[in-house]
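The values are calculated or read from the model by the stated rules, or taken from the named source; none is laboratory data. Since the model is a prediction, treat every value here as computed from it, not as a measurement. Reconstructed Cβ throughout: ideal geometry from the backbone, glycine too, with neighbour counts over all protein chains shown.
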Amino acid sequence: MSQKSKIDLSTKIGDVTFKNPITVASGTFGNTDEYEPYVDFGELGAFVTKTITLNPRVGNPMPRIFETPSGMLNAIGLENKGLEDYIENKLPYLSKIKTNLITSIAGKDASELAGMAKRLDSCNEVSAIELNLSCPNIRDKNVKVAKHAEEVERVVKEVRQCTNKLLITKLSPEMDFFMEVAELSVKSGTDALSMINTIKGMAINVNTLKPMLSNVTGGLSGPAVRPIALRYVYEVKQHLDIPVIGMGGVASWRDAMEFIIAGAHMVATGTSNFVNPRAPQDCVEGIENYMQEKGYSSMKDIRGKLQTSV
Ligand SMILES: Cc1cc2nc3c(=O)[nH]c(=O)nc-3n(C[C@H](O)[C@H](O)[C@H](O)COP(=O)(O)O)c2cc1C
């Protein structure tokens, strides 16, 4: 048996075992087979879907993506065909991917989200539900963008009662009193936190005097936000005993290892997928090589092992 085969990359959150700590960030890979020629999702610890809503959404008008230094702004506006279309037309394909499927959902209020969770609870293909309470690009009342701790608490509590699946709550630095939000999510029954969603920003065309995005503002992602995301993961892990799925500008195995050393159970690649669709697979291979070189045999040997003393 080779030394490499002894390395255990698996990580467990609740009752779900992920074969390795790498996944993809919601919305950066679509929901169907468009990326199949480029990346083998079966090699990842999980696949996270684009956020779905109860009813179809057309999203924001174009332009809704703009490249910025070290990142991008997006204001897609949660375009999707709705929950029933997802179950009928997307799940059959997604269930063939040999990894855990995390379904991301958003809704207009706690009871709509709870109803969606109940519906997904009966889908055996779904390993976990990620509650997207933090999309920064929504202006209508059909999607709840939780800003305050009490709103997050209400939603998580209600959804928790409707599903036995692993429940992940996705947070954003845009939320007021972030640590309080994180704490109340945990108290309300979330099994893990996912962070960070994008951070609101904007760009202007100085010739037309118009914003680069039709929505005026959009969510900033990519390497530009990585140090911020890492800091959030680190601080949450200092305060709370809860598994975290870290994301924000992860493009390489080194970036992913930073999040793991800060305490993340799993790490997602997002914006980097647009540049290199193999980024998540490269991260898995790079982490395995790193573990081998350093002599670590399981994720527990390195997770949260940041040395802060001088
Ligand atoms: C084009 C695009 C679409 C996104 N769509 C979603 C979405 O549907 N749901 C969600 O929770 N996050 C969405 N996100 C946010 C990402 O999942 C991720 O939290 C964020 O981009 C930070 O990671 P990154 O810097 O690696 O991209 C989207 C991001 C991008 C760039």
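Does K96 satisfy the condition of being part of a loop (DSSP other than H, G, I, E, B), farther than 19 Å from L171 by Cβ and either away from the ligand (no atom under 13 Å from the Cβ) or at pLDDT 95 or above (or both)? Even if it seems obvious, please write down each step before you answer.
Working: part of a loop (DSSP other than H, G, I, E, B): yes; farther than 19 Å from L171 by Cβ: yes; either away from the ligand (no atom under 13 Å from the Cβ) or at pLDDT 95 or above (or both): yes.
Spelling it out, K96 is indeed part of a loop (DSSP other than H, G, I, E, B), farther than 19 Å from L171 by Cβ and either away from the ligand (no atom under 13 Å from the Cβ) or at pLDDT 95 or above (or both).
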Residue list for region 8-60, filter: at pLDDT 95 or above, of a type in the set (A, V, I, L, M) and within 20 Å of M266 (Cβ to Cβ): L9, I13, V16, I22, V24, A25, L44, A46, V48
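If you check T49 against the conditions, is it within 12 Å of the ligand (Cβ to nearest atom), β-branched (V, I, T) and touching a strand residue (DSSP E or B) at 6+ places or on another chain (Cβ under 7 Å)?
Details: within 12 Å of the ligand (Cβ to nearest atom): yes; β-branched (V, I, T): yes; touching a strand residue (DSSP E or B) at 6+ places or on another chain (Cβ under 7 Å): yes.
The answer is yes for T49.
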Among (1) assigned to a loop (DSSP other than H, G, I, E, B); (2) more than 13 Å from the ligand (Cβ to nearest atom); (3) under 16 Å from the mean Cα position of the chain (by Cα) - the single one K305 does not satisfy: (3)
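Taking the residues in region 106-124 that are within 16 Å of the ligand (Cβ to nearest atom) and under 20 Å from A192 (Cα atoms) as candidates, determine which candidate is nearest to the chain's Cα centre (by Cα).
That would be A106.
With the requirement that a residue be under 20 Å from F29 (Cβ atoms) and either outside any loop (DSSP other than H, G, I, E, B) or among the aliphatic types (A, V, I, L, M) (or both), what does region 42-57 give you? So that I can check it myself, show each step before the final result.
Restricting attention to region 42-57, the residues satisfying the condition of being under 20 Å from F29 (Cβ atoms) are 42-53, 56-57.
Passing the criteria: G42, E43, L44, A46, F47, V48, I52, R57.
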Single condition G77 does not satisfy, out of (1) under 19 Å from T169 (Cβ atoms); (2) at pLDDT below 95: (1)
Given (1) among the β-branched types (V, I, T); (2) in contact (Cβ under 8 Å) with a residue 12 or more places away in the chain; (3) more than 16 Å from the ligand (Cβ to nearest atom), index of the condition I204 fails: (2)
Some residue of region 61-69 being among the hydrophobic types (A, V, I, L, M, F, W, C), farther than 20 Å from S252 by Cβ and part of a helix (DSSP H, G or I): no
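Out of T103, T28, T23, I need the residue that is closer than 25 Å to L193 by Cβ and assigned to a loop (DSSP other than H, G, I, E, B). Which one? Spell out how you get there, then give the answer.
Working: T103 fails: assigned to a loop (DSSP other than H, G, I, E, B); T23 fails: assigned to a loop (DSSP other than H, G, I, E, B).
Just a single option satisfies the conditions, and that option is T28.
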Checklist (1) over 28 Å from P243 (Cα atoms); (2) crowded, with 19+ Cβ neighbours inside 10 Å applied to E130, failing item: (1)
Qualifying helices (runs of 4 or more DSSP H) (wholly inside region 215-276; at least 1 residues being closer than 18 Å to N197 by Cβ, free of Cβ contacts under 8 Å to residues at least 40 places away in the same chain and out of contact with any Cys (no Cβ under 9 Å at 6 or more places or on another chain)): 226-239, 253-262
Residue tally, condition within 15 Å of the ligand (Cβ to nearest atom) and crowded, with 19+ Cβ neighbours inside 10 Å, over region 67-93: 12
